[in-house]
Structures are given as structure tokens and as C-alpha cells.
């Protein structure tokens, strides 16, 4: 049996919520903190973006890990990113076609994905609060120092 949960606090103290619990709510009650930026260990510093479906725990290499089922966005449009010197990152939402399980600890920050031009085209641009990556790196460093 899989036990899932709907909320997680990041080391930078941001709450992350999930589509599983937020989608059924009326729009005036929804908290849009289910879109995240995360990193894959094998991808260097390149960030990835996803909507969290839900969190759960499972055994990974004989260790219980907190995991997240996410729906990933496409990589940013390279032409727009280049023209804007990396300031404008436009991604396509891919829904259930791009489900993936990630380690919850790979989530760096909660971000906003704002509709880009026509909301019906499924394209969104990344909007994030300045400084949250720095807060995450500080929390990681403090965690290493305490172990």
C-alpha cells in the first residue's frame, strides 16, 4: 500500500503542495505552490521544472526515501532563452505524458509558471522569487555541518 501526502516544507521554509489535493478545491481556496524547480544529480546545475502530483515514501537502495511523483515541463525554449540571455525561460506543460518520480530532496524551490502569451497554447514562463536558491544552498551547508 502506498501512503501519499499532500504537503512538504523545503529547507528554505517554502511549503510545496500537490495537484492531488489542490485541484479539487474551488479556485478561491487554491494555493499555487505545487510547481517546483528541481535538479537531477546527473544533469549538473541545469534546473528542471515540474508540477508535483503527490509525495510518498518508498524503499530506494535499502533506504526509506521521501519521493515525489511529478509531471515535468519541457526544457526551456532554447531560442527564447538565448535571445533573453537566460532571463526568459518558456516551457511547455506536458501533463500525464511526462510523469516521473524524483527524490523530494532534489526540489530546490517553489516557483510560478505564468501563461506565456495565449494561455491555451500550454506554454508558461518561469517566475521565481529572487534569492531562494541561495537560501537552499545555505540550508544544505548547515545540514552538512551538523552531520
Meets criteria (modelled with pLDDT under 95 and within 17 Å of residue 19 (Cα to Cα)) for residue 52: no
Selected residue (criterion: nearest to the chain's Cα centre (by Cα)) from residues of segment 14-45 that are free of Cβ contacts under 8 Å to residues at least 12 places away in the same chain and either in a loop (DSSP other than H, G, I, E, B) or on the phi > 0 side of the Ramachandran plot (or both): 45
Subset of segment 75-91 (residues that are within 18 Å of residue 52 (Cα to Cα) and surrounded by 15 or more Cβ atoms within 10 Å (Cβ to Cβ)): 91
All positions within segment 97-129 that are farther than 15 Å from residue 38 by Cβ and part of a helix (DSSP H, G or I): 97, 119, 120, 121
For residue 70: the one exception among (1) closer than 21 Å to residue 11 by Cβ; (2) surrounded by fewer than 17 Cβ atoms within 10 Å (Cβ to Cβ): (2)
Restricting segment 15-45 to residues that are in contact with a helix residue (DSSP H, G or I) (Cβ under 6 Å, 6 or more places away or on another chain) and under 19 Å from residue 56 (Cα atoms), the residue that is surrounded by the most Cβ atoms within 10 Å (Cβ to Cβ): 34
Filter result for the condition that a residue is under 12 Å from the mean Cα position of the chain (by Cα) and within 21 Å of residue 127 (Cβ to Cβ), over 103, 10, 80, 69: 10
Residues within segment 100-120 that are touching a strand residue (DSSP E or B) at 6+ places or on another chain (Cβ under 8 Å) and more than 15 Å from residue 54 (Cα to Cα), tallied: 9
Matching entry among 56, 48 (being closer than 22 Å to residue 97 by Cα, within 10 Å of the chain's Cα centre (by Cα) and assigned to a strand (DSSP E or B)): 48
Members of segment 59-75 found to be under 13 Å from residue 104 (Cβ atoms) and either in a loop (DSSP other than H, G, I, E, B) or touching a strand residue (DSSP E or B) at 6+ places or on another chain (Cβ under 7 Å) (or both), listed by number: 64, 65, 66, 67, 68, 69, 70
Residue in segment 86-96 that is in a helix (DSSP H, G or I) and at pLDDT 90 or above present: yes
Checking residue 94 against (1) within 26 Å of residue 13 (Cα to Cα); (2) surrounded by 14 or more Cβ atoms within 10 Å (Cβ to Cβ), the condition it does not meet: (1)
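The values are calculated or read from the model by the stated rules, or taken from the named source; none is laboratory data. Worth saying up front: this structure is predicted, and the values here are computed from it rather than measured. For neighbour counting, all protein chains shown are included, and Cβ atoms are generated from backbone atoms with ideal geometry for every residue, glycine included.
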